[in-house]
Each structure stands twice: as C-alpha cells, then as structure tokens.
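Comments concern the structure below.
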Amino acid sequence: MNKRPPQVSVSGGVGLPPTEQINVERSCKRDLVYSALSVIGFPLAVFYSSPNVSTTAELVGHIVAEQELPLQTIAAVFFYEIFKLVVAFSMYPSYHLYDLMASATSSKSAAKLPVSRRDRDTFVTKSVPFHVKMIEFSKSTWNFGLACGICHLFMVLFGAPFFNDFILTLQFSVILICWTFSPLCLALRPSYILQELPYLSIWNTQIESISRAKYRFISTIVGAMIGAAFIPLDWDRPWQKWPITCLFTSAVAYLLVNSFTVTYLVFTKYFCKIQFPAFLNRSNAGKVKSF
C-alpha cells in the first residue's frame, strides 16, 4: 500500500530533497550578499561618485541650483545595482532567471503559474543556451525601461510636476526603480516582473526569497511616499524641493530594509538561529492554490 508523502515546509528548506535544500540555501545567501553590499556600498554610490557632491548638503544644493540630479550619481546607483546582482548570482547561481521548470504544484492550472505564485521554488538545473540568455537580457532591459516610464507616470498622477521638473522626476524614477527592480530579480524572473507586480497581494510568501523581495519592494515605495508629506509644509527650506525629500526617505527605507535583511539572515540562518515573529514568514499557500 502506497503511503502519501508527508507535507514539508518550504520556508526554511527543512525536510526538502537535497536539490531543493540547495536552492533555498542559495537564495538566502544571495539575499545576504546583495543586502550586505547594499549597506556597505550605498554611501560610495550616492555621495562619492560625483567630484562635486560628497555630503548631503552638497547634493541638496546641486539639485536646487542645477534642477537635476548629478548624472554621475545616477550612473553609480545604476551600475552598482548591476554589480551587486552579478556578484550575488556569480557566487550562488539560480535557475529562476530562465524558469526552466514545470511547477511543483499538483493541479494542471497551477503548473502555468509564475514563480511568485507557486507552491514551491524548485528548479531543474539545466544548461541554458546563449541565445536564451540574450533574449532574457533584452526582455529584462525592456522591462526596466518600461518600469521607469510607468513609475514616472505614477509620480505625475500623484502630484509631481510634469513640465517644470520633468528631468528631475525622470531621474528620480530611474533611481527608485533601481532600488526596487533589482531586489525583485533575486526571487523573480526579471523579464516577467512587471507582469507579476499586479498580483503582489497574492505572492506566495511561504517561499522566503519571495517574501524578502516583497517586503523590500514595499518598504522602499512606502519610504518614497512618506517623503512627499514634507513637500507641502510651509517651512520654506531648500530641501523641500521635489524630489529631495522623497529621494532621501526612500534611501533611508532602502538602507533599513537591507540592514534588517542582513541581521535577519545572519541571526536566523547562520549564527544562533533566533526565531523571529511568525508574521515575517506568513504563508499565502491557500491563496496560491485557489487562484
């Protein structure tokens, strides 16, 4: 008589087959490397990339005087995000970038679900042809550019100047997408991120890599929105000019969430394995199966 296989937890890799445990461990280590590099290199990318901007006051003064962000700073943020992803995936490769798997869910309809709404995060290790890599790279680049345009549009709809500070809004959109798009690449297929975002509320956060990506994204966006509350106040300060407050509050949120991720992974996975509150590892498995 055949026995039904026991249910296993996918949040920490406990009880999974060896291949799946390796995937879970790699995802944790990729997130740890990315977050550590984010915390360590953030000041270098923002404040020391331009010869004329080395302090917060100088950055604010440049934005007010020139009506634009330093181009060297934007380029440094963009290429540093690429650098972090390259380092993380070079050290701990992942196959979710190309999605070379059939879903591990039992139902046929669920087998077509994207990564963020599956029950498991197993991937079949296959060699990826060069042309597939190039196609995925071109799609990911297109998604990034389209995300910048969509972000710019949402900022205008929420009250950002359209004509007067068009360049500033576009530049801030690029920086904000860098801080939100690249962390999602750690858990989701880059060429499908824009298709996944409308389903953010039903992402399967039982998979820890998906959960961390979701909270990174939400934290940075909320940080940018908090900064907008300071702009209409009648304090008449230079730093109240759009989008200075949003830039700094999103940067603070980005640093805090990456610092928390480093602390969480070090203490729960590799140091003393402290049990954090249960809400940090909520399961949406029921939503996944019923979608």
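The values are calculated or read from the model by the stated rules, or taken from the named source; none is laboratory data. This is a predicted model, so every value here is computed, not measured. Every residue, glycine as well, gets a Cβ built from its backbone with ideal geometry; the counts of neighbours run over all protein chains shown.
Considering only residues in the range 244-261 that are under 24 Å from Glu66 (Cα atoms) and among the aliphatic types (A, V, I, L, M), the one that is farthest from the chain's Cα centre (by Cα) turns out to be Ile244. With (1) closer than 28 Å to Trp142 by Cα; (2) assigned to a helix (DSSP H, G or I); (3) out of contact with any Asp or Glu (no Cβ under 7 Å at 6 or more places or on another chain) as the list, and Arg212 as the residue in question, which single condition is left unmet? Tallying (1) closer than 28 Å to Trp142 by Cα; (2) assigned to a helix (DSSP H, G or I); (3) out of contact with any Asp or Glu (no Cβ under 7 Å at 6 or more places or on another chain), Arg212 fails exactly one: (3).
The listed residues are Glu20, Glu68, Glu25, and the only one of them that is of a type outside the set (Gly, Ala, Ser) and either at pLDDT below 70 or surrounded by fewer than 13 Cβ atoms within 10 Å (Cβ to Cβ) (or both) turns out to be Glu20. Assessment of the range 225-243 against the conditions (outside any loop (DSSP other than H, G, I, E, B) and within 15 Å of the chain's Cα centre (by Cα)) yields no matching residue.
Between Ser35, Ser106, Ser90, Ser9, which is exposed (fewer than 14 other Cβ atoms within 10 Å of the Cβ) and modelled with pLDDT of 85 or more?
Numbers: Ser35 fails: exposed (fewer than 14 other Cβ atoms within 10 Å of the Cβ); Ser106 fails: modelled with pLDDT of 85 or more; Ser9 fails: modelled with pLDDT of 85 or more.
Criteria check complete, one pass: Ser90.
Condition first: under 11 Å from the mean Cα position of the chain (by Cα) and under 21 Å from Gly149 (Cβ atoms). Now tell me which residues in the range 198-217 satisfy that. Scanning the range 198-217 gives a single hit, Phe217. Considering only the range 241-263, state which residues are of a type outside the set (A, V, I, L, M, F, W, C), within 16 Å of Ala36 (Cα to Cα) and surrounded by fewer than 20 Cβ atoms within 10 Å (Cβ to Cβ). Ser259, Thr263 - these are the residues of the range 241-263 that are of a type outside the set (A, V, I, L, M, F, W, C), within 16 Å of Ala36 (Cα to Cα) and surrounded by fewer than 20 Cβ atoms within 10 Å (Cβ to Cβ).
Every residue, every condition in (1) surrounded by fewer than 17 Cβ atoms within 10 Å (Cβ to Cβ); (2) modelled with pLDDT of 75 or more; (3) of a type in the set (A, V, I, L, M); (4) in contact with a Leu (Cβ under 8 Å, 6 or more places away or on another chain), yes or no:
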| site | (1), (2), (3), (4) |
| --- | --- |
| Arg118 | no, no, no, no |
| Phe123 | no, no, no, yes |
| Val128 | yes, no, yes, yes |
| Met134 | yes, yes, yes, no |
| Phe137 | yes, yes, no, no |
| His152 | no, yes, no, yes |
| Leu157 | yes, yes, yes, no |
| Asn164 | yes, yes, no, no |
| Thr169 | no, yes, no, no |
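Given the condition touching a Ser or Thr at 6+ places or on another chain (Cβ under 7 Å), at pLDDT below 95, of a type outside the set (Gly, Ala, Ser) and assigned to a loop (DSSP other than H, G, I, E, B), answer yes or no: does some residue in the range 260-275 qualify? Yes, that holds for at least one residue. Every listed requirement among (1) modelled with pLDDT of 90 or more; (2) under 14 Å from Ile150 (Cβ atoms) is met by Gln195 save one, (1).
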